[in-house]
Amino acid sequence: MTMLPIKKYLIYFFFLLPFFGYAEDGSQLWLRYKPVDAQTQKQRHIRLQDKHETALLAKQELDSYWRGPSIEMHLDKKAKRLKEGYQIKGDTSAVYLTAAEPIGLLYGAYHLLRLQETKADMRHLYIEEIPDYDIRILNHWDNLDRTVERGYAGYSLWRWEELPHKLSPRYEEYARANASIGINATVLNNVNASPQILTGDYIQKVKALADIFRKYGIRVYLSANFSSPKVLDGLADSDPLRKEVQDWWKVKVKEIYQHIPDFGGFLVKANSEGQPGPQDYGRTHADGANMLADALKPYGGLVMWRAFVYNPTEEDRAKQAYQEFVPLDGEFRDNVIIQIKNGPVDFQPREPFTPLFGAMKHTAQMIEFQITQEYLGFSNHLAYLAPLFKETLDADTYSEGKGSTVARVTDGSMFRGEKTAVSAVANIGEDTNWTGHHFAQANWYAFGRLAWNHQLSSEDIANEWIRQTFTNAVDFVTPVRQMMMDSREAVVDYMMPLGLHHIFAFDHHYGPEPWGDRKGGRPDWMPWYYHNADTIGLGFDRTATGSNAVSQYYPPLDSIYGGINSCPESLLLWFHHVPWTHTMKNGRTLWDELCIHYDRGVQQVRGFQKTWDKLQAHVDQQRFLEVQSKLKIQSKDAVWWKDACLLYFQTFSKMPIPYDLERPVHELEELKKIKLDMTHHN
Ligand code: GCV
């Protein structure tokens, strides 16, 4: 009998399956739970009295996937100290899950499933989890035409043209993934905001999303364009001290809350990189933020006002946010939080923390991290960012003496604002695997986990992510965890070691361009502004003999950073212009040390390739090949970075690359000609 060709292929497929492994596309993220069978469902019970939709969702997740003993879920409204957290007690015969709010039950359910999926010991459970921050929020830099600024995972998830009538199933999947790691808020649109988002039509679209997210405990926020009154309704201006403008915002906010009663508030980028703001009318950031805060106050809404401001003046860019905001300390309403990037320049592979943290003692502050890898190889490079996030959270500001870490300055333990918050720019797009690189999912995951508990270690987060996303096999988990833990430092090494920063190609920020000098471009967007290479040495003098940015740090950090010998070498070229022949702590010259770092970065990525190739048997074929191919790109890019930077800096140092290191494989002139067309980031 002749077989239909399709059947024949199917037989081949099943025959070959054990050899090649099955395919997974990454769309399930870390939520690869297998449904329990009917027998298990009959044997154990998930009990719940409450009928709140979020509590029912928690029950449904456990009903479908929990393989352990019966669970009693209990809502104890009096247990307020738990906030959105939960308590889990139990043993092999029964588990008790208690929360003060329905969302706590859902978070508790995901905690139990995480324990199950990572094969944790669950014989004796006594867990109490209370989130460190009230608001754990993603910032989407998504435009209304569905391009994503600095997005490397395809177009925006939000199909504005179809909303509010057609609802993509991914909206709910997105909400579920966020809830599973404790994220409870999202800003849907780019901080370079189109005023259109505040029109009646768009409010209906936003409402449709908010209605889906609500069940998962997620509140919607919007980025607001400060000129909206003028642009949308033809007001003469958008001056925050004019009553007509204030009234416009009050009416607009009322309209939003009529449709979205749990609307979170506004995120605002004002007077920054060409965006409009209160300074257009001679007003301050406080005037602008307070006007919006007053409109939102009756509904419990918040303003997240960004401190990312700088202008092409004589002043060091790294100092400007501090100079602008510190004088305004105490002038902001209590429902305003100043949102501060982790570093004073812009999401570089390594920066010191922004000195504004801890410097405003009467103003609520929150961190903005960047999950999307604008400056870390887009979605081509494997860079696990938990160590970067932790580096900032754990940094001691000394603002109230030793132990005043950035985490404590922002989590409410030192200064108490109305609400505490932590944010990060999302790396999520329409790609099947959500984030472009399978390992970039780990950065979304890590942000959520750290926003919940900033004391978790990067290793532990990597560990649980790997186990849920791939496998529990120790032979896989151990080397992959090591690779992840080494990955961010590897990127620093092959891109910008020892405190170098912002030597990226103009605008798209992907490849190296230390020689970059675009005609007519702003100096503070040019690599030479940051590296200052000359015949004497390399680096930005931010000591008292230079821009004196060190003076913005509390003692003893000002003198630690300010001393060429006391400054941590990982930040040396951030704070100092260092002679090529300067002796480093290990006795090498700066030049040799620089070469060794670049080379080490390259070798490490090659090591990641070896690690990954050896693990083929543990991974499904699709994800194996996709990661393998990204690692090839990363490896080539690392050599490109190393050659470009070393050959260029060598034109100043005039010193040889140490002879035991691999020789450059490119010509500098050839590298200078590379111009990537990346005007669209999708
Ligand atoms: C949203 C950097 C990025 C911009 C971004 C800006 C910001 O400059 O390159 O794309 O704009 O930061 O955070 O506002």
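The values are calculated or read from the model by the stated rules, or taken from the named source; none is laboratory data. Note that the structure is a prediction, hence the values are computed from the model and not measured. Quick reminder, even Gly has a Cβ in these numbers, built from the backbone with ideal geometry, and neighbours come from all protein chains shown. Quick note on the areas: whole protein, heavy atoms, side chains included, nothing else; ligands and nucleic acids left out. Shrake-Rupley method; radii C 1.70, N 1.55, O 1.52, S 1.80 Å.
The set of residues in segment 420-455 that are in contact with a strand residue (DSSP E or B) (Cβ under 6 Å, 6 or more places away or on another chain) and either assigned by TED's automatic domain parsing to the domain that holds residue 84 or surrounded by fewer than 23 Cβ atoms within 10 Å (Cβ to Cβ) (or both) is empty.
Within segment 33-44, being surrounded by 14 or more Cβ atoms within 10 Å (Cβ to Cβ), out of contact with any Leu (no Cβ under 7 Å at 6 or more places or on another chain) and of a type outside the set (S, T, N, Q) holds for 36, 44. The residues in segment 363-390 that are open to solvent by less than 10 Å² (accessible area, probe 1.4 Å), of a type in the set (A, V, I, L, M, F, W, C) and within 16 Å of the ligand (Cβ to nearest atom) can be counted, and the count is 5.
Screening 357, 332, 347 for residues that are among the aromatic types (Phe, Trp, Tyr) and within 16 Å of the ligand (Cβ to nearest atom) leaves exactly one candidate, 347.
The number of residues in segment 58-83 being more than 18 Å from residue 117 (Cβ to Cβ) and open to solvent by less than 40 Å² (accessible area, probe 1.4 Å) comes to 5.
Only one of the listed residues (397, 405, 410, 432) is away from the ligand (no atom under 16 Å from the Cβ) and closer than 18 Å to residue 139 by Cβ. That residue is 410. Residues of segment 413-429 that are in contact (Cβ under 8 Å) with a residue 60 or more places away in the chain, away from the ligand (no atom under 16 Å from the Cβ) and in a loop (DSSP other than H, G, I, E, B): 417, 418, 419, 420.
Applying the criterion of being within 28 Å of the chain's Cα centre (by Cα) and surrounded by fewer than 18 Cβ atoms within 10 Å (Cβ to Cβ) to the residues of segment 258-293, the residue that is farthest from the ligand (Cβ to nearest atom) is 261.
Quickly run through segment 314-329 and pick out the residues that are away from the ligand (no atom under 12 Å from the Cβ) and either touching a residue at least 40 places away in the same chain (Cβ under 8 Å) or within 19 Å of residue 276 (Cβ to Cβ) (or both).
315, 316, 318, 319, 320, 322, 324, 325, 328 - these are the residues of segment 314-329 that are away from the ligand (no atom under 12 Å from the Cβ) and either touching a residue at least 40 places away in the same chain (Cβ under 8 Å) or within 19 Å of residue 276 (Cβ to Cβ) (or both).
Here residue 463 does not qualify as within 16 Å of the ligand (Cβ to nearest atom) and open to solvent by 10 Å² or more (accessible area, probe 1.4 Å). Residues in segment 164-222 that are under 30 Å from residue 277 (Cα atoms) and of a type in the set (Lys, Arg): 3 in all.
For segment 213-236, which residues satisfy the criterion of being among the aromatic types (Phe, Trp, Tyr) and in contact with a helix residue (DSSP H, G or I) (Cβ under 7 Å, 6 or more places away or on another chain)? Passing the criteria: 213, 216, 226.
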